[in-house]
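The values are calculated or read from the model by the stated rules, or taken from the named source; none is laboratory data. Please read these numbers as outputs of a predicted model, since none were measured by experiment. Cβ: placed from backbone, ideal geometry, glycine included. Neighbour counts: every protein chain shown.
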Amino acid sequence: MIFVHEFGHFIVGKKAGVRVREFGFGYPIGADKPPSERPLCWQIGEDKDGTVYSVNLIPFGGFVNLGENDPDDPESLAHFPKRIRLAALLAGPVMNLVLAFVIFGIAALVGYPQFLYGVGIGEVTSGSPAEEAGLMAGDILLKVDKLELDQFAQTNEEISALVNSVVDYVAERSGQTLSVLVQRGLGAEAERVPLEVTPRPDDEGNGKMGIIISATAVRMERVRASVLDALKYGISEIWFTIRMTISIPLQVLRGLIPASSARSVGPVGIAQLTGDAVQQSIDTGWAFPILQLTGVLNVAIAFTNLLPLPALDGGRIFFILLEALRGKPVPPEKEGLVHSIGMMLLLLLFVVITIQDIFVPLPQALNWADYLY
């Protein structure tokens, strides 16, 4: 993903005639020095145009040195027109979006999940008929007396009808002992448990078991898309990921979801997510989990880099747009200082998030194998 991103900057710069000074993996110590003078920088090659290829100490991201802050060099990016500079800076995020589109499309071709929903018990009221009968939060209702619930639903209409059917059926049978069959657990460990419960009337005389029910994912099917549908899936997943990236922080601020559910992750967290996804793919014999995560990470890289933050592509684009509005560029030494400070703050944030990833591990990921039965 890093290679594709930096290759976007690299190839557009090369094609435009920019002198690409360095293509590096990892962030360097002493970025203002030539690669040969930097500590813990390994030069792995140099091409005929003088571009040095390097590996640097800090294993976080990568960079292409196009001379963005050196307008005195006629071959540096800073000396080129604004449209060339914008194209070179946008090329990195665009390449990640293109890669995400391809990966999402492949994921759809190998089969994407379509969840089937049943009626799950979210909460059991203390002292209720349900608690006395032995019903537990997390149980999935398969049958309530003569009402069959094991024909799981897909569409919102089917799901709503399934949940409402339980409410209506129980409401009409206050005081009657009903046989209830529940599924306890998922996958190979799931059990079918028969119970009996007698609903009590509420203030309006409607029977209540004392449970909160809602649609719960209980199974998934693999749906293999056609080529056309795979293309549509790729576009829709990119848009969905961007929309969720924007909306989740807003939902946290509004108190709609807890902050712990929307935490940032760094390389350690991404390694955990990747390890989980790889294991899921191995356990299920299904490439979708790792392909989907890779697509999401590419969209995240593209989106993050376009934010107007110093040292990121979006921060440099911001200065180009500011130049267009002012009619003259910001002095390169001032812009360079802003990006240097921004880089230090980003590295500090990187350290903080890494510490969080180490000491506050991510919650257990969804076990795909539990839903493929």
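A few points about this structure:
- Taking the stretch 211-267 as the range and being hydroxyl-bearing (S, T, Y) and touching a strand residue (DSSP E or B) at 6+ places or on another chain (Cβ under 9 Å) as the test, the residues that pass are S214, T216, Y233.
- Hits in the stretch 92-127 - residues which are of a type outside the set (D, E) and part of a strand (DSSP E or B): Y112, P113, Q114, F115, L116, Y117, G118, V119, G120, I121, G122, V124
- Extreme residue, nearest to Y371 (Cα to Cα), among residues of the stretch 263-283 that are aliphatic (A, V, I, L, M) and surrounded by 15 or more Cβ atoms within 10 Å (Cβ to Cβ): A277
- Condition check for A230: surrounded by 15 or more Cβ atoms within 10 Å (Cβ to Cβ), closer than 29 Å to G285 by Cα, assigned by TED's automatic domain parsing to the domain that holds Y373 and touching a residue at least 12 places away in the same chain (Cβ under 8 Å): yes
- Looking across G134, G138, one residue alone is surrounded by fewer than 19 Cβ atoms within 10 Å (Cβ to Cβ) and more than 37 Å from the chain's Cα centre (by Cα). It is G134.
- Residues of the stretch 1-55 satisfying the condition of being hydroxyl-bearing (S, T, Y) and surrounded by 15 or more Cβ atoms within 10 Å (Cβ to Cβ): Y27, T51, Y53, S54
- Of the set (1) more than 23 Å from the chain's Cα centre (by Cα); (2) closer than 27 Å to P289 by Cα; (3) exposed (fewer than 14 other Cβ atoms within 10 Å of the Cβ), all apply to E157 but (2).
- Residue match in the stretch 4-17 (condition: in contact (Cβ under 8 Å) with a residue 12 or more places away in the chain and acidic (D, E)): yes
- For K334, the stated conditions do not hold, so it cannot be described as more than 22 Å from D32 (Cα to Cα), surrounded by fewer than 21 Cβ atoms within 10 Å (Cβ to Cβ), at pLDDT below 95 and of a type outside the set (S, T, Y).
- Only one of V182, V218, V144, V193 that is within 21 Å of L116 (Cα to Cα), touching a Lys or Arg at 6+ places or on another chain (Cβ under 6 Å) and surrounded by 15 or more Cβ atoms within 10 Å (Cβ to Cβ): V193
- Selected residue [outside the structural domain of G8 (by TED's automatic domain parsing), at pLDDT 90 or above and not aromatic (F, W, Y)] from S54, S36: S54
- Selection over the stretch 124-159 of residues that are polar (S, T, N, Q), within 24 Å of V223 (Cβ to Cβ) and in contact (Cβ under 8 Å) with a residue 24 or more places away in the chain gives a count of 1.
- Within the stretch 215-229, if we keep just the residues that are in a strand (DSSP E or B) and charged (D, E, K, R), the residue that is nearest to L162 (Cα to Cα) turns out to be R219.
- Restricting attention to the stretch 183-207 and to residues that are touching a helix residue (DSSP H, G or I) at 6+ places or on another chain (Cβ under 7 Å) and in a strand (DSSP E or B), the residue that is nearest to E158 (Cα to Cα) turns out to be G207.
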